[in-house]
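Here's the structure, in structure tokens; my notes come after.
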Amino acid sequence: MEEVRADFPILQQRIHGKPLVYLDSAATSQKPQAVIDAVVKFYSRDNANVHRGVHQLSERATADYEAARVKVQRFINAAKCKEIVFVRGTTEGINLVAQSFGRPRLQQGDQIVISALEHHSNIVPWQMLCEQQGAQLRVAPVNPQGEVLLPELEQLLTPRTRLLAISHISNALGTVNPVRKIVELAHRRGIPVLIDGAQAVPHLPVDVQSLDCDFYVFSGHKMFGPTGIGVLYGKEKWLEQMPPYQGGGDMILSVSFEKTVFNALPYKFEAGTPNIEAAIGLGAAIDYLEGLDVEGRIAHERELLAYGTSALSRFPGIRLIGTAAEKSSVLSFVMDDVHPHDVGTVLDREGIAVRTGHHCAQPVLRQLGVDATVRASLAFYNTQQELDALIRGLQKVREIFQ
Amino acid sequence: MNADLRDLYQEVVLDHSKKPRNFRQLEDANRSAEGFNPLCGDRIVLYLKVDQGIIQDIGFQGSGCAISKASASMMTGALKGKTVEEAEALFQRFHDLVTVGPSEGADVASLGKLASLSGVWEFPMRVKCASLAWHTLRSALNGNRQPVSTEDPATT
């Protein structure tokens, strides 16, 4: 674990004189030197625009960019490379599906189903779509532990349901949803499924063919890659049918004022100059992850989560928010009589980075009876010692606010 | 606690957050306004009784972090008996204090207890907490119907 931490230069610093304890990876992950190097190397040696130009630099840039696409394909076991669309992030991916897949299909009175524990990015695009089309957004409930209730979800699936959108892992609560089962439920009724995998890809292996989901979206910056890059995976049959999302250069084969012919997949959905260095950085992040011992990484995270859960459960006056049977890497909690903001500020002065607030998941937090929580989120570069520091920091909060 | 946190969570601030003054609804309020920080859920409802340009009585309800509660509590204490103009002037001085920090010519003494919130300026992420009550006050005095949000451009 020491070796792994040494790969992440940013973790070596001190904050307010204390070692940085970074427990905010669900907001954004830290980057290994290999990813930083890949981005720097691109700008130092290979930078040129992609897909156009016959000169050497352009060839290298294009090769690296498309190599990253292949890496993504293998990483999530997509059947074809053309099913991998580079977007800005999960949010853009969902908006793309909402407008390009949803809009042509959704008639007045049709329905979209989501769950109560979605991130705003997997709520608002559907709200906007339903508003545009006169359709209805239906929400599968969660229990007080933060688990989606499958029977209730199933009841919401009707002949008018055009899409089900669900997160793989909840960013606010850490709940791992049984997405394979959910896809089966939906497919039995001919309903396509979009999975928001932003919090999943950093923590567990994802096989989109095995899941059989119709769309899978995730962000590079949450999986140890750069910001500004994400992936929309879509089954070829859907992507072929979908009209373009944004118009512009690169997504066309030919342009004239009489007629413009759109490009083939995946370029049809990649208008304009892409975030080339970020795609390459994402490829480097995938290489880095695949170079680690996957089983070891998962086991370590599981141990950390168990350790943290136990320590927080035993802390007087602390209530864990999100106690699903299947959880990953998120410890959300509230403290009696102390507002999360105040907890977060005191922890910050101890060098501990957590997130406080609603985590872009106001509906589920409201349902669980809170406005805001303190969220400590884990990645494989965290240690037990860091969780001990968190507990000591919380003791300090107690002292100040008793 | 270390020196910096002591600047933010001064004794009087903690006292006001645990036992907020004027923490009540006003039966005979003739001005009121709501304020809200959508990022964390701090919320306040402010009640004023203004008569002949003087703030006769003031109270508040709501929930939120220690800074927002202390600020609201101290604000209500400072405003009772003041004229509407004096309240506006106090808003300006307080706003400067928490966004810019104590400065050479600043009349910190005249702020009384409110000066204990001067540490906030070193914690930019908490400025909104301290100023929520004040923006709500302004809204109440102006007779605005819409709840104030810390995320309105007008409140920065």
Scanning region A:57-92 residue by residue, the ones that are open to solvent by less than 10 Å² (accessible area, probe 1.4 Å), under 22 Å from residue A:46 (Cβ atoms) and of a type in the set (Val, Ile, Thr) total 2
Collect the residues in region A:344-367 that are more than 10 Å from chain B (Cβ to nearest Cβ), more than 20 Å from the chain's Cα centre (by Cα) and either within 24 Å of residue A:399 (Cβ to Cβ) or crowded, with 24+ Cβ neighbours inside 10 Å (or both), keeping them in residue-number order. A:347, A:351, A:352
Restricting region A:371-402 to residues that are open to solvent by 20 Å² or more (accessible area, probe 1.4 Å) and assigned to a loop (DSSP other than H, G, I, E, B), the residue that is nearest to the other protein chains (Cβ to nearest Cβ): A:371
Filter region B:61-75 for residues that are buried (at least 24 other Cβ atoms within 10 Å of the Cβ), outside any loop (DSSP other than H, G, I, E, B) and within 14 Å of chain A (Cβ to nearest Cβ) and give the result. B:66, B:67, B:68, B:69, B:70, B:71, B:72
Just to be sure before I move on: is residue A:319 part of a strand (DSSP E or B) and away from chain B (no Cβ under 14 Å) in the structure I sent? yes
Being more than 14 Å from chain A (Cβ to nearest Cβ) and open to solvent by less than 40 Å² (accessible area, probe 1.4 Å) narrows it down to one of B:110, B:139, B:103, so name that one. B:139
Matching entry among B:49, B:19 (being out of contact with any helix residue (DSSP H, G or I) (no Cβ under 7 Å at 6 or more places or on another chain) and more than 25 Å from residue B:123 (Cα to Cα)): B:49
Out of B:78, B:89, sole residue that is away from chain A (no Cβ under 14 Å), open to solvent by 10 Å² or more (accessible area, probe 1.4 Å) and touching a residue at least 24 places away in the same chain (Cβ under 8 Å): B:78
Go through (1) in a loop (DSSP other than H, G, I, E, B); (2) more than 14 Å from every other protein chain (Cβ to nearest Cβ) and name the single condition residue B:58 misses. (1)
In region B:140-149, is there at least one residue being assigned to a helix (DSSP H, G or I) and more than 22 Å from residue B:59 (Cβ to Cβ)? no
If I ask for residues that are open to solvent by 10 Å² or more (accessible area, probe 1.4 Å), within 14 Å of another protein chain (Cβ to nearest Cβ) and either of a type in the set (A, V, I, L, M, F, W, C) or under 16 Å from residue B:140 (Cβ atoms) (or both), which ones from region B:15-43 would you list? B:36, B:39, B:43
How many residues are in contact with a strand residue (DSSP E or B) (Cβ under 8 Å, 6 or more places away or on another chain) and basic (Lys, Arg) if we restrict to region A:20-76? 1
Out of all the residues in region B:1-21, which are touching a Lys or Arg at 6+ places or on another chain (Cβ under 8 Å) and in contact (Cβ under 8 Å) with a residue 40 or more places away in the chain? B:4, B:8, B:12, B:16, B:17, B:20
Restrict the check to region B:37-51 and report whether at least one residue is within 13 Å of the chain's Cα centre (by Cα), modelled with pLDDT under 95, closer than 24 Å to residue A:338 by Cβ and acidic (Asp, Glu). yes
Pick out, from region A:187-306, the strands (runs of 3 or more DSSP E) lying fully within it that include 3 or more residues that are open to solvent by less than 10 Å² (accessible area, probe 1.4 Å) and closer than 29 Å to residue A:42 by Cβ. A:215-219, A:230-234
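The values are calculated or read from the model by the stated rules, or taken from the named source; none is laboratory data. This structure is a prediction, so every number in the text was calculated from the model and none was measured. Positions of Cβ are generated from backbone atoms using ideal geometry, with glycine treated the same way; all protein chains shown enter the neighbour counts. For the accessible areas, the whole protein counts, side chains as well, though only heavy atoms, and no ligand, DNA or RNA atoms are used. Shrake-Rupley method; radii C 1.70, N 1.55, O 1.52, S 1.80 Å.
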